[in-house]
Amino acid sequence: MPIAILSALPEEQDGLVHLLQDVQQSEHAGRVFWRGSLHGQQVICALSGIGKVAAATTAVALLERFNAQAIVFTGVAGGLGDGVNVGDVVVATDYVQHDMDASPLFPRYEIPGYGRQRFACDPTLTDKLAQAVRYCVEHQAAAWTATLNLPAPRMHEGLTVSGDRFVSGAQESAQLRQGLEQAGLHPLAVEMEGAAIAQVCADYGVPFAAMRSISDRADDAAHVDFPKFVQSIASRYAQVVIEDLCKRIAA
Ligand code: SAH
């Protein structure tokens with residue numbers, strides 16, 4: 001029963017493959033897939049590249065070709081919600097595509113054909129992921145964030161939104177948030193892949209869970225904060241949390 005560990009960028013998963021035992025590497029659809037085991041759990045690691053289409057293609061390959069029984073995403077995101085600061089971690093409860101707009105034919109943010117805006121993450125898998133994130137945040141991650149002069153991180157759980165745009169302006173992010181809030185949606189974080197994977201997993205009836213460490217506040221400093229964080233901290237979260245998650249799944 002292999003589970004897939006998916007990220008968009010190499011920096012988000014750096015070092016994770018080295019933790020696997022009996023690794024087999026293969027190529028498919030222009031991507032590299034690494035199969036192996038971690039604490040007795042079969043895993044497949046893959047990188048999607050950036051954006052919703054790349055993420056959906058990779059998710060389908062993981063399900064169809066590699067028989068993944070669940071997908072867990074680990075990566076970074078911009079913080080949107082109040083108090084969601086650089087260094088914190090958001091565990092997604094559900095996802096919305098913030099750039100879906102088929103209005104006036106359909107309500108803003110609704111995915112045509114699905115009759116809804118939100119795609120929920122799997123509660124059981126998300127609960128295990130949140131336990132692993134909480135442990136990491138409380139016991140290890142403060143030492144990492146201190147290296148960037150950031151305060152001790154906190155964990156948040158809630159709505160995450162995705163779209164094909166790097167949100168990097170205070171005004172842009174305020175507008176994004178305002179539009180979503182008018183539709184009763186209160187996002188904690190914004191990124192570029194998760195909602196696509198959530199939709200694919202809903203189509204296939206496969207559990208999905210996601211954690212995003214906050215690399216920037218999607219504001220005017222985002223282009224400066226993002227590279228610093230993604231290079232130094234994102235993969236540490238991935239290694240520690242995914243290892244712990246595999247132990248919890250295997251237990
Ligand atoms: N500089 C990178 C591009 C990164 S795009 C390169 O050249 O390869 C940003 C990535 O991080 C996406 O995968 C997205 O999911 C996530 N992300 C982090 N902060 C974000 C933000 N403020 N807006 C949108 N996506 C963000």
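The values are calculated or read from the model by the stated rules, or taken from the named source; none is laboratory data. None of these values were measured; they are calculated from a predicted model. Backbone-built Cβ (ideal geometry, glycine too); neighbour counts: all protein chains shown. Protein only, heavy atoms only, side chains kept; ligands, DNA and RNA dropped before computing areas. Shrake-Rupley method; radii C 1.70, N 1.55, O 1.52, S 1.80 Å.
Computed over the chain, relative contact order equals 29 percent, with contacts defined as Cα pairs under 8 Å that lie 6+ residues apart.
When every Cα-Cα distance of the chain is counted in 5 angstrom steps from zero, the calculated P(r) takes the values 1, 7, 15, 19, 21, 17, 12, 6, 2, 1, 0 percent.
Each listed q (0.10, 0.18, 0.19 Å⁻¹) maps to a log10 I(q)/I(0) for the stretch 87-222, found by the Debye formula over equal Cα scatterers with no solvent: -0.35, -1.04, -1.13. Quick one: compute the contact order of the stretch 82-123, relative version, from alpha carbon pairs under 8 angstrom and 6+ residues apart, as a percent. Worked out over the stretch 82-123, it gives 38 percent.
Spacing of the modelled spin labels on residue 60 and residue 114, each 7 Å from Cα toward Cβ, amounts to 1.5 nm. Using only Cα coordinates, the Kirkwood hydrodynamic radius of the stretch 94-138 works out to 12.4 Å. Size descriptors for the stretch 17-60: radius of gyration and Dmax over Cα atoms are 11.4, 32 Å. What you get for the stretch 194-244, charging only the Cβ of Lys and Arg (+1) and of Asp and Glu (-1), is a dipole of about 80 debye around the Cα centre. When the gyration tensor of the stretch 1-145 is built from Cα positions, what are the square roots of 5 times its three eigenvalues, in whole Å, from largest to smallest? Semi-axis lengths for the stretch 1-145 are 27, 22, 14 Å.
Rg and Dmax, both from the Cα atoms of the stretch 1-42 and both in Å, are 10.4, 29.
The stretch 41-88 and the stretch 135-211 have their alpha-carbon centroids 12 Å apart. Relative to its residue count, the stretch 105-162 spans a Cα convex hull of 107 Å³ per residue. Each of residue 152 and residue 82 was given a label point 7 Å from its Cα along the Cα-to-Cβ line. The distance between the two points is 2.3 nm. Taken over the stretch 53-135, the alpha-carbon convex hull comes to 137 cubic angstrom per residue.
Model label sites at residue 186 and residue 31, defined 7 Å from Cα along the beta-carbon direction, differ in position by 3.3 nm. Volume per residue for the stretch 174-234 equals 101 cubic angstrom (convex hull of Cα atoms). The accessible surface of the chain, taken with every protein chain in place and a 1.4 Å probe, is 49 percent carbon and sulfur. With protein chains left intact and a 1.4 Å probe, residues in the stretch 196-251 average 36 Å² of accessible area per residue. In the full protein context, the stretch 16-141 carries 44 Å² of accessible surface per residue, based on a 1.4 Å probe and ignoring ligands, DNA and RNA.
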